[in-house]
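The values are calculated or read from the model by the stated rules, or taken from the named source; none is laboratory data. Nothing here was measured: the structure is a model prediction, and the numbers come from that model. Please note: Cβ atoms are built from the backbone with ideal geometry, for glycine as well, and neighbour counts cover all protein chains shown. What goes into the accessible areas is simple: the full protein's heavy atoms, side chains included, and nothing from ligands, DNA or RNA. Shrake-Rupley method; radii C 1.70, N 1.55, O 1.52, S 1.80 Å.
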Amino acid sequence: MGNDNVRIQQLVALIEEHYTTQKDTTFYAERLSVSNHHLNDIVRILRGTTVKKMIGLRLLLEAKRELSFGALTVKEVAFKLGFNDASYFSRFFKKHTGYNPEQFKNSNI
């Protein structure tokens, strides 16, 4: 398990560095020299989640920061976070928070 804990730390660091450009588990698995399946198994056992969900949570955290404190429009936030389509970003945000980004930005929930 010690090696798996190190892998989780490495994964967190990789997500922190690449979450806006790399949203696919394969990228992270390749960097850590493990299969997608094995990486997700490690994450599920040690974190109770999946790699995809970890990336999504990191994206949401940054989206909330940008929408709360930044001067960027929702569309600018979407592109900054690596979404090619602002409407997809809006759906992603609403699915995970219950609010659309515009509501969140204007109300500072």
Which helices (runs of 4 or more DSSP H) sit wholly inside the range 4-109 and have at least 3 residues that are modelled with pLDDT of 95 or more? 25-31, 36-47, 51-69, 74-80, 86-97
Mind listing whichever residues of the range 22-45 are aliphatic (A, V, I, L, M) and open to solvent by less than 40 Å² (accessible area, probe 1.4 Å)? A29, L32, V34, L39, I42, V43
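Identify, from the list F27, F92, F79, F69, the residue that is of a type in the set (F, W, Y) and closer than 17 Å to L11 by Cβ. Break it down into steps so the answer makes sense when it comes.
Working: F92 fails: closer than 17 Å to L11 by Cβ; F79 fails: closer than 17 Å to L11 by Cβ; F69 fails: closer than 17 Å to L11 by Cβ.
Result: F27 is the single residue among F27, F92, F79, F69 that is of a type in the set (F, W, Y) and closer than 17 Å to L11 by Cβ.
Filter the range 68-89 down to the residues that are in contact with an Asp or Glu (Cβ under 8 Å, 6 or more places away or on another chain), in contact (Cβ under 8 Å) with a residue 12 or more places away in the chain and open to solvent by less than 100 Å² (accessible area, probe 1.4 Å) and list them by number.
Hits for the range 68-89 are V74, V77, A78, L81.
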